[in-house]
Amino acid sequence: MQLKDIRLLFEHGALKEAIISPVFDDWSIEFTRKELAENITIETQKGQQRVFKTLNAAYAAIREVGFRNARIIDERSS
C-alpha cells in the first residue's frame, strides 16, 4: 500500500501499531490494523515492499503516517 493510503487509514483510526524490523541490512515497516488480522507494508510504486537504509529513515516514514513511536524488532544480535 502506498504511504498516502496508509496515512488515510491512520487518520480514520484504522491502524493500531507501527513495527520496524530488519530486512538484511535494511529496515521495513509493518502497520497492524485494529479490526483486521492483516498487516500492511509500505510499497514502492512498482508494488514491491519498500525498505529503508537506516532506522532513522524508517522512523521518519512512520512519523509521516502520523505515529509518534514504533515497536522495533531486531533479533539480528541474538
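Derivation of every value follows stated rules applied to the coordinates shown; laboratory data play no part. It should be emphasised that the depicted structure is a prediction, and the values quoted were computed from it without experimental measurement. No Cβ is skipped: glycine too gets one built from the backbone with ideal geometry, and neighbour counts run over all protein chains shown.
For the range 3-72, the number of Lys pairs separated by eight or more positions or lying on different chains, with C-alpha atoms closer than 23 Å, is 5.
Work from the charge dipole of the chain (Cβ charges, +1 for Lys and Arg, -1 for Asp and Glu, about the Cα centre) and give the residue of N39, L15, W27 farthest towards its positive end. Going by the Cα projections, it comes out as L15. Annotation: extensible slack from Q48 through E17 equals 9.0 nm (criterion: 0.36 nm per residue apart, minus Cα-Cα distance). Given 20 °C and 1.002 mPa s, how large is the Stokes-Einstein diffusion coefficient of the chain in µm²/s, with Rh as the Kirkwood radius over Cα pairs? For the chosen part, D equals 170 µm²/s.
About its Cα centre, the chain has a charge dipole of approximately 200 debye under the convention of +1 per Lys or Arg Cβ and -1 per Asp or Glu Cβ, with nothing else charged.
Extension gain, M1 to F24: 0.36 nm times the residue separation minus the Cα-Cα distance gives 6.1 nm.
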